[in-house]
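Asks: So that we are looking at the same thing, I have put the structure below in structure tokens.
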Amino acid sequence: MSQSIQIGTVLDVRLVTVEGQKTGIGYTTGAILGSAIGQTVGQGSGRILAAAGGAAVGGIIGDQAEKDLTTKTAQEITIDLDEGPTIAVVQENRQPEFNIGDRVSVLETRAGFSRVRLEAFGNDSNYN
């Protein structure tokens, strides 16, 4: 997959929260565990009701747990491209963090995904 690369200057950086995803894995796992725990309660039809209730509660808890586990802190980086518009890219927080005035490269795939990299251009007057 090819990438295009553009050079620019960071205008603004702010921390944002990227909300977690619910794929159904958390819900399903929680429901199975809740049902298994519910089956250990009561006898006869009470056991069936406990298992059903455990599955429902477990599914809700598992769904929320998956969302919480996949929530991430990210940086929203606003960049003035040297040969293009001003853009904003949100990407997971990584070291080193970006600062206003940093020279960066923006890599964009054909699928439209972008990634920002800190560049060390030195004192080359073409990049100042």
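Asks: With only Lys, Arg, Asp and Glu charged, each at its Cβ (+1 for the first two, -1 for the last two), find how big the charge dipole of the chain is about the Cα centre; round to the nearest 20 debye.
Replies: It works out to roughly 740 debye.
Asks: Near the amide H of Gly20, under 5 Å away, which other amide H atoms are found, from residues 5 or more places off or on another chain, if H is placed in the peptide plane?
Replies: The answer is Thr71, Lys72.
Asks: Within 10 Å, at most 15 other Cβ atoms, and a DSSP state outside H, G, I, E, B define an exposed site. Report the longest part of the chain free of exposed trypsin sites (Lys or Arg not before Pro).
Replies: 23-93
Asks: Another one. For the chain, which span is the longest to avoid every loop-located (per DSSP) member of GluC sites (Glu not before Pro) having at most 14 other Cβ atoms inside 10 Å?
Replies: Maximal segment without exposed cleavage sites: 20-82.
Asks: Pairs of alpha-carbon atoms within less than 8 angstrom and 6+ residues apart define the contacts here; what relative contact order does the chain have, in percent?
Replies: 35
Asks: What is the helix-to-structure angle for 25-38, meaning the angle in degrees between its Cα long axis and the longest Cα principal axis of the chain, kept from 0 to 90 and rounded to the nearest 10?
Replies: With both axes taken from Cα atoms, the answer is about 20 degrees.
Asks: Once the mean 1/r over all distinct Cα pairs of segment 11-128 is inverted, what Kirkwood radius in angstroms do you read off? It would help to have the intermediate numbers written out before the result.
Replies: Working: mean 1/r = 0.0560 Å⁻¹.
17.9 Å is the Kirkwood radius here.
Asks: Give the angle, between 0 and 90 degrees and rounded to the nearest 10, that separates the Cα long axis of helix 44-70 from the longest principal axis of the Cα atoms of the chain.
Replies: 10
Asks: Residue farthest toward the positive end of the dipole of the chain, with Cβ of Lys/Arg at +1 and Asp/Glu at -1: which of Asn99, Val16, Thr70?
Replies: Result: Thr70, furthest along the dipole toward the positive end.
Asks: Select from Val57, Leu118, Gly84 the residue farthest towards the positive end of the dipole of the chain; place +1 on Cβ of Lys and Arg, -1 on Cβ of Asp and Glu, and compute about the Cα centre.
Replies: Val57
Asks: At Thr109 and Ile32, where each label point lies 7 Å from the Cα along Cα→Cβ, what is the point-to-point distance in nanometres?
Replies: 2.9
Every number here is computed from the coordinates shown, using simple stated rules; none is lab data. These numbers were taken from a predicted model, which means no experiment stands behind them. Counting neighbours? That spans all protein chains shown, and the Cβs are built from the backbone with ideal geometry, glycine included.
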